[in-house]
Amino acid sequence: MAAPDPYLSGHGDDRYRVRHYDLRLDYKVTTNRLDEVAVLDVEMVADAKQLELDLSGLQVSKVLVDGTKARHRTRNRKLLVELGAAEAGDRFRVTVNCAGKPRPVPGVHGAAGWEELTDGVLVGSQPQGAPGWFPCNDDAADKATYRIQLDVAQSYHVVANGTLVDQENRGGSTRWVYEMDAPMAPYLATVQIGHYVTTDLSGAPVPVQIVHPPHVAVGAGTAFEHQAEMVRHFVDLFGPYPFRQYRAVVANDVLEIPLEAQGLSSFGRNFARPTWENERLVAHELSHQWFGNSVTASQLADIWLHEGFACYSEWLWADHRAATDPRVLDVQAQAERHHRDLAQEKQGLVLTEPGMPNMFDDWVYKRGALTLHAVRACLGDDAFFRMLQSWTATHAGGIVTTKMFVDHCIEFASDDGFELAATLDAWLNQPRLPGLPVLRR
């Protein structure tokens, strides 16, 4: 069977969809021992004799299908569950008991998934890490709702996707229960475990919280000083925030990069330092809640729909801050700087097909952002931001492609859209770098 996404060979199965995940986790931080019961509500899209779930590294002890024991085996990071003769439209519940020491899943861009910290855990699964800690249909196009329950020693604080609906002390451990009621791709599921306190921020249209070690400052004079204002500004630009709350989790470790998950982002303590570089990354990760998490590319070849938008969001935040912070270049100056940098690089790949090894290269981010800047130059500010807000509203919780975005943009052109279509074709489908787009202000 071919993978739904050719960039993730061996992951995912488009013959079925998971409607809901109920993950019941018991974790020992000191030994990295995970005991798990995963309950999946499945609907078949095509006829099949077995269910192929993605699972890597954990040992399966039992599988039930609608409460009845099912024959199963593991092979090549797949859990194969015998169904007999399931037909398209059939719905059933699969319960998987598994355990082990979760590890990041290797990939072209390095290992991703369940990562042990000095004293805790961070899960960042993009693009291939989700099967390292729960059985899933590891396909970004297969979004589901989630309930994540985690039992851990009482000294730890747990964050997962969605709303904290229950927290109960049970002997020497605490049970934390989170629910994500918006559709979520498997790679965006996460748990974060550490010795944390919470700081609630005011001034945003949704609850905003920083979760951090007690000794790490996250208020005035840090990269998170403007976090609530940032949420408010992006709501003005992109439309309503797509989830019930936003959290930034600051780990007590030094990390190489921040990571987004649905409803939250995670940072190392090094990213709290008050530099513009850190502040722009805070903006970048926040913007992924709209672009990547709520509105998700169906395949990784279209990753610019996530990263180009997030990079342009950095520039939009810079434009907002440039009036009061001399460190910051406005949006046109940002575009000029990065266009100049790209012009010095060898041109040979196209934005809509960067190739798996190149999809997280900086040129994808910057050319993607410049593509949006070019669209803005064609449409004008009013139509451009109406287009963005319509894009996030129309496709909230959904799956998109580059063609869908092109068609959407042309709807907002004041003429027949010929000039805009040609502009988009040059930026998206041709290797040569087009000229610098200049805003009409």
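For this structure, a couple of remarks:
- Restricting attention to region 51-66, the residues that are polar (S, T, N, Q) and either modelled with pLDDT under 95 or surrounded by fewer than 17 Cβ atoms within 10 Å (Cβ to Cβ) (or both) total 2.
- Complete set of residues in region 2-38 that are over 25 Å from Ser298 (Cβ atoms) and crowded, with 16+ Cβ neighbours inside 10 Å: Asp22, Arg24, Leu25, Asp26, Tyr27, Val29, Leu34, Asp35, Glu36, Val37
- Restricting region 371-384 to residues that are among the hydrophobic types (A, V, I, L, M, F, W, C) and touching a helix residue (DSSP H, G or I) at 6+ places or on another chain (Cβ under 6 Å), the residue that is farthest from Glu314 (Cα to Cα) is Cys378.
- Filtered by the rule that a residue be touching a residue at least 60 places away in the same chain (Cβ under 8 Å) and within 16 Å of Gln192 (Cα to Cα), region 102-111 gives a lone residue, Pro102.
- Test: residue in region 176-183 that is surrounded by 17 or more Cβ atoms within 10 Å (Cβ to Cβ) and among the charged types (D, E, K, R): yes
- Pairs linking a residue in region 412-441 that is more than 17 Å from Met387 (Cβ to Cβ) and in contact (Cβ under 8 Å) with a residue 24 or more places away in the chain to a residue that is assigned to a loop (DSSP other than H, G, I, E, B) and of a type in the set (Gly, Ala, Ser), with Cβ atoms under 7 Å and 6 or more positions apart or on different chains, are Pro431/Gly348.
- Selection count where residues are outside any strand (DSSP E or B) and either within 24 Å of Ile303 (Cα to Cα) or not β-branched (Val, Ile, Thr) (or both), scope region 39-57: 5
- Screening the candidates Glu168, Glu229 for the property of being farther than 28 Å from Thr95 by Cα and among the charged types (D, E, K, R) yields one hit, Glu229.
- Neighbours by Cβ (under 9 Å, 6+ apart or cross-chain): first from region 296-309, more than 14 Å from Asp142 (Cα to Cα) and at pLDDT 95 or above; second among the small types (Gly, Ala, Ser) and in a loop (DSSP other than H, G, I, E, B): Ala301/Gly355; Ile303/Gly292; Leu305/Gly292; His306/Gly292; Glu307/Gly292; Phe309/Gly292
- Within region 393-409, the residues that satisfy the criterion of being farther than 22 Å from Gln334 by Cβ and either touching a residue at least 12 places away in the same chain (Cβ under 8 Å) or touching a His at 6+ places or on another chain (Cβ under 6 Å) (or both) are Ala393, Thr394, His395, Ala396, Gly397, Gly398, Ile399, Val400, Thr401, Thr402, Val406, His408.
- Gly435 being part of a loop (DSSP other than H, G, I, E, B) and within 30 Å of Arg244 (Cβ to Cβ): no
The values are calculated or read from the model by the stated rules, or taken from the named source; none is laboratory data. Predicted model only: the values in this text are computed from it and were never measured. Every residue, glycine among them, receives a Cβ derived from its backbone with ideal geometry; neighbour counts consider all protein chains shown.
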